[in-house]
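These notes concern the structure reproduced below.
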Amino acid sequence: MYRFLLTPRWFGINVFVLLAIPFCIFMGSWQLSRFEDRMTASRDAEQQVTTDAREAARPLAELLPVDQVTSGKQATATGRYDKQLLVPDRQLGDREGYYVLTLLRTDSGKALPVVRGWLPGTPDPAKAPAAPKGEVTVTGALQASETPGDNGVSAQGGLPAGQTAAISAASLINLVPYGVYDAWVTLNTGDSGMKAVPATAPADSGLDLKAFQNLGYTGEWFVFAGFVVFMWFRLLRREVEFIRDAELGILPDDEQQERDQEQPQEKASA
């Protein structure tokens, strides 16, 4: 009864199944390993943020440009505070608020964006403490420029004067007549009674959307493998039932004629 498995049509089906199943399992396993790698990277990044906070601060110039290694490191810079901006829609814990961002003009001529602290509520310039006068030295965690629309950073435009949606050199350079470092610092201790903004792990090192996409793809590939097996058994069962019906002579006339035409070909190929 199962000699039909040796026909050219079923030979092609069997080859496809034998190739498709291991391919789907391989792809599913690879996507799962990608998700596990991201989980490991996320744990390591969170631990690194804690470790970096205990390290001695280094001059800003030694840590630029910001990358996976230098992000979160303690940096120090000296200069004079200049323009102050508010960054709306920023959470601290479960509360909504805003960052108070002040540009620190350094001896290099460029300005370093410094997040001096966080305040609750809607942005209000009257509530944001003024920056200290004269030359100051700041110490805090170095962070990479934000990308609007990524990792929860707002891409909102048309903000009131004195506000910026993202802490980004590309955005800030349009607001001041001097250069801006492609990085920013969050102070370890909030200035003027504000709450300090904790450092975050480097980009692409957390359980973001890409990580859960990998997990979703893992499930899809394993489902594909199961679907291939299911369809093979369904086709096999259908073929066996067809042969039994043919032997009992209960096939419709058109199917019987088609079957009679196929049998010589199957016998010849067998």
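The values are calculated or read from the model by the stated rules, or taken from the named source; none is laboratory data. As the structure is a computational prediction, the values presented were derived from the model and not from experiment. Every residue, glycine as well, gets a Cβ built from its backbone with ideal geometry; the counts of neighbours run over all protein chains shown.
Structure values in brief
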| read-out | value |
| --- | --- |
| Filter result (among the small types (Gly, Ala, Ser) and either touching a Cys at 6+ places or on another chain (Cβ under 7 Å) or part of a strand (DSSP E or B) (or both)) within the stretch 84-122 | Gly97, Ala111, Gly117 |
| Answer from Thr102, Thr139 - the residue that is of a type in the set (Val, Ile, Thr) and surrounded by fewer than 22 Cβ atoms within 10 Å (Cβ to Cβ) | Thr139 |
| Residues located in the stretch 125-146, provided they are out of contact with any helix residue (DSSP H, G or I) (no Cβ under 6 Å at 6 or more places or on another chain) and part of a loop (DSSP other than H, G, I, E, B) | Pro125, Ala126, Lys127, Ala128, Ala130, Ala131, Pro132, Lys133, Gly134, Glu146 |
| In the stretch 51-77, the residues that are among the β-branched types (Val, Ile, Thr), modelled with pLDDT under 95 and within 19 Å of Val115 (Cβ to Cβ) | Val66, Thr70 |
| Count of the stretch 84-97 residues which are at negative phi and either surrounded by fewer than 17 Cβ atoms within 10 Å (Cβ to Cβ) or touching an Asp or Glu at 6+ places or on another chain (Cβ under 7 Å) (or both) | 4 |
| Contacts under 6 angstrom Cβ, first residue in the stretch 123-151 being among the acidic types (Asp, Glu), partner at pLDDT below 95, 6 or more apart | Glu146/Val153; Glu146/Ala166; Glu146/Ile167; Glu146/Ser168 |
| Residue, surrounded by the fewest Cβ atoms within 10 Å (Cβ to Cβ), within the stretch 105-131, restricted to residues that are farther than 11 Å from Met194 by Cβ and of a type in the set (Gly, Ala, Ser) | Ala126 |
